[in-house]
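Below is one structure; the comments refer to it alone.
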Amino acid sequence: MFDFQSLLVRRRSIRKFTEELLSPDEIRKIIEAALLSPTSKNRHSWEFIAVEEKETLSKLSVCKPGSAVFIADAVLAIVVLGNPLVSDAWVEDASIAAINMQLQAEELGIGSCWVQVRNRNYSDSISASEYINDVLEIPMPLEVLCMIAFGKKEKERTPADTDNLHWEKVHIGAYRQTDTSL
């Protein structure tokens, strides 16, 4: 187990996975992390679809041509949904749940990568969300925010470098323009 700071430094997007399956306990812990996430007014506007079937993972991997292809090689994808009729903060609620799952996965030594779906396209005439809704039979009014791909890491990535954090993006007391021409 890592302390929280170490967990944040170690968590990196992983797009290459081994074929090793996740245990039922690992999957349960990842989903529990989502279900434990806070929500606006405790409304629980999120829902989740866990997908392990290879054929369905392959179908999901083409929801955004080129940029979601690694989902086909994952052993688990969790589709993160929100209900805008339950809360106007469904995007925030679902986002918190998604990162909680990724942090839990990292704590377990499992790789993950967020695939943005909301406001992305499958084709010129079909959104990525519409495509996924069709594949997974998602009813209205639920909306897809993202998918998280999970699997055992093919290889470890270098942890984030805390010496190169973007401190220039932090403003104290009020926004202060920084000189970016240097």
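Considering each residue of the range 100-133, count those that are within 25 Å of ARG28 (Cα to Cα) and touching a strand residue (DSSP E or B) at 6+ places or on another chain (Cβ under 8 Å), and give that number.
Of the residues in that region, 15 qualify.
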When the residues of the range 125-182 are narrowed to those that are of a type in the set (Ser, Thr, Tyr) and not in a loop (DSSP other than H, G, I, E, B), which ends up nearest to the chain's Cα centre (by Cα)? SER129
Which numbered condition trips up ASP124, out of (1) farther than 27 Å from ASP3 by Cβ; (2) in contact (Cβ under 8 Å) with a residue 12 or more places away in the chain; (3) not hydrophobic (A, V, I, L, M, F, W, C)? (2)
So which residues in the range 136-168 are surrounded by 15 or more Cβ atoms within 10 Å (Cβ to Cβ) and under 22 Å from SER95 (Cα atoms)? LEU136, ILE138, LEU142, GLU143, VAL144, LEU145, CYS146, MET147, ILE148, ALA149, PHE150, GLY151
Could you identify the single residue in ALA72, ALA97 that is within 17 Å of the chain's Cα centre (by Cα), without any contact (Cβ under 8 Å) to a residue 60 or more places away in the chain and either closer than 30 Å to SER125 by Cβ or surrounded by 20 or more Cβ atoms within 10 Å (Cβ to Cβ) (or both)? ALA72
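No lab work stands behind these numbers, since they all come straight from the coordinates. Given the structure is predicted, the values throughout are model-derived calculations rather than measurements. Heads up, the Cβs are rebuilt from the backbone with ideal geometry, glycines too, and the neighbour counts pull from every protein chain shown.
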